[in-house]
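Notes follow once the structure below has been shown.
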Ligand SMILES: NC(=O)c1ccc[n+]([C@@H]2O[C@H](COP(=O)([O-])OP(=O)(O)OC[C@H]3O[C@@H](n4cnc5c(N)ncnc54)[C@H](OP(=O)(O)O)[C@@H]3O)[C@@H](O)[C@H]2O)c1
């Protein structure tokens with residue numbers, strides 16, 4: 001058990017790290033998927049890597065949440081439950097749906113993702129278990145909660161629908177790439193990543209906490225550089241790639 005002041009020092013440091021990491025991540029292509037390279041040490045099965053790196057999140061957050069001493073309310077359980085639901089989908093449903101047979105991911109990336117999930121689940125789980133977020137039922141009709149739910153829901157919809165379009169581009173056993181079309185792909189190259197950013201922004205608004213905001217910030221800091229890399233890759237790979245598409249934020253970036 002740490003005192004709230006120490007918790008907030010850790011949280012400020014985590015936010016500061018996100019801000020200073022952004023310029024570095026813009027320069028460094030994450031070596032997974034189409035950018036995977038063997039120069040990053042031992043490799044492992046891509047599907048198993050996803051299951052391990054994301055599958056730790058529901059366990060970590062449950063530990064921090066349930067060992068916390070703050071009295072829990074229905075709202076605490078909703079905020080905890082949405083996080084867990086997302087990660088149960090991401091770790092045990094999504095990896096079984098992608099067409100990734102034979103593909104590899106560097107073990108280092110999986111280890112870094114486990115560490116990343118450890119830090120985020122500590123920040124959010126410890127907050128919900130010990131510091132706040134245990135609003136009473138009036139909060140269900142408050143502006144932040146309703147606006148946050150709408151944003152979160154829109155983000156989940158955009159993310160899953162876009163991932164479904166990408167998955168459907170390959171038949172079982174195929175591993176190549178095509179130009180994705182339809183839905184928000186007509187505006188941006190990576191609507192799945194855009195949806196994920198909107199989803200966690202919605203979660204931060206719903207939660208009204210710096211803890212959830214830090215995860216929303218980290219999601220954007222991680223995924224915007226990845227989307228820019230994907231976008232540049234599409235432009236190089238396909239001479240007929242639609243020139244008006246942006247990378248990750250419609251009409252803007
Ligand atoms: N919260 C976070 O910080 C975070 C971090 C990372 C990922 N995520 C989420 O995890 C999910 C996957 O992320 P990702 O970065 O792996 O997404 P991605 O690079 O867009 O790939 C998604 C899947 O679709 C396949 N794919 C992508 N473009 C394709 C194309 N043009 N033609 C055929 N297949 C294509 C990929 O295959 P290949 O793997 O073979 O390229 C992969 O199986 C997303 O929903 C993302 O939002 C969240």
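The values are calculated or read from the model by the stated rules, or taken from the named source; none is laboratory data. What you are looking at is a predicted structure, and each value in this text was computed from that prediction instead of being measured. As a convention, Cβ positions derive from the backbone with ideal geometry for all residues, glycine included, and neighbour counts pool all protein chains shown.
Structure data summary
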quantity: Subset of the range 182-196 (residues that are within 8 Å of the ligand (Cβ to nearest atom) and not in a loop (DSSP other than H, G, I, E, B)); calculated: 192, 193, 195, 196
quantity: Residue 88 part of a helix (DSSP H, G or I) and farther than 30 Å from residue 177 by Cβ; calculated: no
quantity: Test: residue in the range 175-185 that is closer than 26 Å to residue 97 by Cβ and at pLDDT below 95; calculated: yes
quantity: Selected residue (only one of 49, 55, 81 is outside any loop (DSSP other than H, G, I, E, B), over 14 Å from the mean Cα position of the chain (by Cα) and free of Cβ contacts under 8 Å to residues at least 40 places away in the same chain); calculated: 81
quantity: Among residues of the range 120-162, those that are away from the ligand (no atom under 16 Å from the Cβ) and either touching a strand residue (DSSP E or B) at 6+ places or on another chain (Cβ under 9 Å) or free of Cβ contacts under 8 Å to residues at least 40 places away in the same chain (or both), counted; calculated: 5
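This table checks each residue for (1) within 19 Å of the chain's Cα centre (by Cα); (2) under 11 Å from residue 191 (Cα atoms); (3) modelled with pLDDT of 95 or more; (4) part of a helix (DSSP H, G or I).
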position	(1), (2), (3), (4)
125	yes, no, yes, yes
140	no, no, yes, yes
144	no, no, yes, yes
161	yes, yes, yes, yes
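Results for (1) in contact with a helix residue (DSSP H, G or I) (Cβ under 6 Å, 6 or more places away or on another chain); (2) in contact (Cβ under 8 Å) with a residue 24 or more places away in the chain; (3) over 22 Å from residue 28 (Cβ atoms); (4) within 7 Å of the ligand (Cβ to nearest atom), shown as yes or no for each residue.
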residue	(1), (2), (3), (4)
164	no, no, yes, no
171	no, yes, yes, no
180	yes, no, yes, yes
198	yes, yes, yes, no
204	yes, yes, yes, no
207	yes, yes, yes, no
214	yes, yes, no, no
226	no, yes, no, yes
237	no, yes, no, no
